[in-house]
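Structure, as structure tokens:
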Amino acid sequence: MGAYIKAISYYLPEQVVTNEDLVSEFPEWSVEKVAAKVGVNVRHVAAVGETAGDMAEKAAKKLFEEYSIDSKDIDFLLLCTQSSDYYLPSTACVLQYRLGLRTDIGAFDYNLGCSGCVYGLAIAKGLIVSGIAKNVLLLTSETYNKYLHPSDKGNRSIFGDGAAACLVSTDGFAEIGEFVLGTDGNGANNLIVKTGASRYPGRTGLSIKDDEDHVWYDDYLYMNGGAIFNFTLEAVPTMMKQVLEKNQFLKEDVDYFVFHQANKFMLNTIRKVCVLPKEKFYINLENTGNTVSSTVLIGLKHCMENGTIHQGMTVMVTGFGVGLSWAGTMLSLSLIHISEPTRLALI
């Protein structure tokens, strides 16, 4: 039995922060500089009181409406987030009730970031292939902006909040291939929110400067940009080769590549290192920013809507980042559902 992506939707918060807004706070920057470096013009930011659970709920309900999905058909719920609504219970349990799902289903959160979507596809495929579930609702939702210090202009220019919903089932428009997964916790401190959990429960108010003269605030998200960049350039090309080998593809056989949308500069560097043609490589952060675990699903949805990916194509998807962690797989596409006004179409 195979596992397939059957539906994808996403939700972005109403509040937006433009490059002009950032430049008004940081006049040493220019609008053009921000756009050129990170590739983002507008990023959406969750409202005060709007949680990852709220956004995941909206993404799931949009999925149900767009694809005429009966919530009672869902028999497993996965939520990827590092911004859970509570220490406990799992936000997935709360969402089971809020979405009107049956009570005889499984539901849990898993804490992962930029690779989280692909990890979730792996979990969902395992549930399908093992016969544990027939319809897995995979949700990704993140509110990183709530972790950012107001003066952290670098990360504020990159990250956007958002959520995505994906139905993985026994049939659908994209068959999910074999996976390559990786983890290196030795780099955990390179992308971290240090305080607030069990090891350092209280806020310290402390900050230091790293080797790149960036401020590391204990109580806010810290990213060692240089270390993350180097990790990516080491991990992603190797992962790409392994995904090709495991799925018995040559690089030339892949029709399109949808990688985690980290930032424009990093993606262009990855593309060049991996020797991938521009026309086969997805880069589109302009109106969303880096939405962490949701970038791949949002990217796939964009490509479906504009016809970039269509029937008969093979697509490689990968995620990489916080953990440190990475993941990749192949998708083989058939029938694609496009949202209104475009009807169900065999492209």
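Full extension of the chain between Asp104 and Ser30 yields a length gain of 21.3 nm, computed as 0.36 nm times the residue separation minus the alpha carbon distance. For the stretch 272-312, with all protein chains present and a 1.4 Å probe, just round the carbon and sulfur fraction of the accessible area to a whole percent. For the stretch 272-312, the apolar C and S fraction of the accessible surface comes to 46 percent.
Can you list the residues of the stretch 221-265 with backbone N under 18 Å from a point 7 Å past the Cα of Glu305, pointing along Cα to Cβ? Counting only backbone N, you get 258-259, 261.
In the Gaussian network model of the chain, springs joining C-alpha atoms below 10 Å, which of Arg271, Arg98, Arg156 carries the largest mean-square fluctuation? Sorting by GNM fluctuation, first place goes to Arg98.
Distance between the modelled labels on Glu286 and Met1, one decimal in nanometres: 4.3 nm (7 Å Cα→Cβ projection). For the stretch 242-340, the solvent-accessible area of protein heavy atoms averages 36 Å² per residue (probe radius 1.4 Å; ligands and nucleic acids excluded).
Between Asp184, Asp213, Asp75, the GNM of the chain built on Cα springs shorter than 10 angstrom shows Asp213 fluctuating the most.
Accessible surface computed residue by residue for the stretch 1-139, with neighbouring protein chains in place and a 1.4 Å probe, gives 44 Å² per residue.
Ligands, DNA and RNA left out, the accessible area of the stretch 81-135 computed with a 1.4 Å probe is 59% carbon and sulfur. Here each label is just a point 7 Å from Cα along the line to Cβ, and for Ser130 and Glu234 those points are 3.2 nm apart.
Taking each residue as 0.36 nm, the span from Arg199 to Leu88 lengthens on full extension beyond its C-alpha to C-alpha distance by 38.3 nm.
Length gained on full extension, Ile208 to His149, computed as 0.36 nm times the residue gap minus the Cα-Cα distance: 19.9 nm. The accessible area of His302, taken with all protein chains in place and a 1.4 Å probe, comes to roughly 30 Å².
For Glu20 and Asn189, what is the calculated FRET efficiency with R₀ set at 41 Å and r taken between the beta-carbons, to the nearest 0.05? If you can, show how the numbers build up before the last one.
Working: r = 34 Å, r/R0 = 0.83.
Approximately 0.75, to the nearest 0.05.
Distance between the pseudo-spin-label points of Gln248 and Asp73 (7 Å out from Cα toward the beta carbon): 3.1 nm. Distance from the alpha carbon centroid of the stretch 1-58 to that of the stretch 249-273 works out to 21 angstrom.
The values are calculated or read from the model by the stated rules, or taken from the named source; none is laboratory data. Given the structure is predicted, the values throughout are model-derived calculations rather than measurements. In this analysis, Cβ positions are derived from the backbone assuming ideal geometry, glycine residues included, and neighbour counts consider all displayed protein chains. With ligands, DNA and RNA removed, areas are computed over all heavy atoms of the protein, side chains included. Shrake-Rupley method; radii C 1.70, N 1.55, O 1.52, S 1.80 Å.
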